[in-house]
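The structure appears below as structure tokens.
Each value in this text was obtained by applying a stated rule to the coordinates, not by laboratory testing. Source: prediction; values computed, not measured. Please note: Cβ atoms are built from the backbone with ideal geometry, for glycine as well, and neighbour counts cover all protein chains shown.
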Amino acid sequence: MTKKELIAKVCGQLNCTQKDARDFINCTLDTISDSLTNAEPVILRGFGVFDVKYREPRTGRNPTDGSAIQIAGRHAVSFKPANSIKDALIDK
């Protein structure tokens, strides 16, 4: 599902204009981004948890020639789905 499709679906379910649905989704995504930028987890009960984790530096391999390369440490966003979503995926 693309952002455009999400906006159309929200618009249909809430009986609002596409502009209102787009503003709502953009505001929600901006708020989630701001929280993650400040290293604050975003907990959405029944959906899951977005969190920021630090990935340690490590040695990797260059796929073209197999030589060792150093991969820098970085912060990455992780998502842990709620049990209801995990269970729904098992049934598929």
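General remarks:
- Peptides 17-24, 77-84 ranked from most to least packed, by the mean per-residue count of other Cβ atoms within 10 Å: 17-24, 77-84.
- Per-residue HN-Hα couplings for segment 58-67 [Karplus 6.51, -1.76, 1.60; θ = phi - 60°; Hz; x = Gly/Pro]: 8, 9, x, 10, 6, x, 7, 10, x, 6
- Straightening the chain between residue 86 and residue 25 buys 19.6 nm, computed as 0.36 nm per residue apart minus the Cα-Cα spacing.
- As a proxy for reagent exposure, 40, 5 were ordered by neighbouring Cβ count within 10 angstrom, fewest first; the result is 5, 40.
- A straight line joining the Cα centroids of segment 59-76 and segment 21-45 runs 31 Å.
- Mean Cα-pair separation over length for the chain, i.e. relative contact order, pairs under 8 Å, 6 or more apart, %: 20
- Kirkwood hydrodynamic radius of the chain, Cα pairs, Å: 16.5
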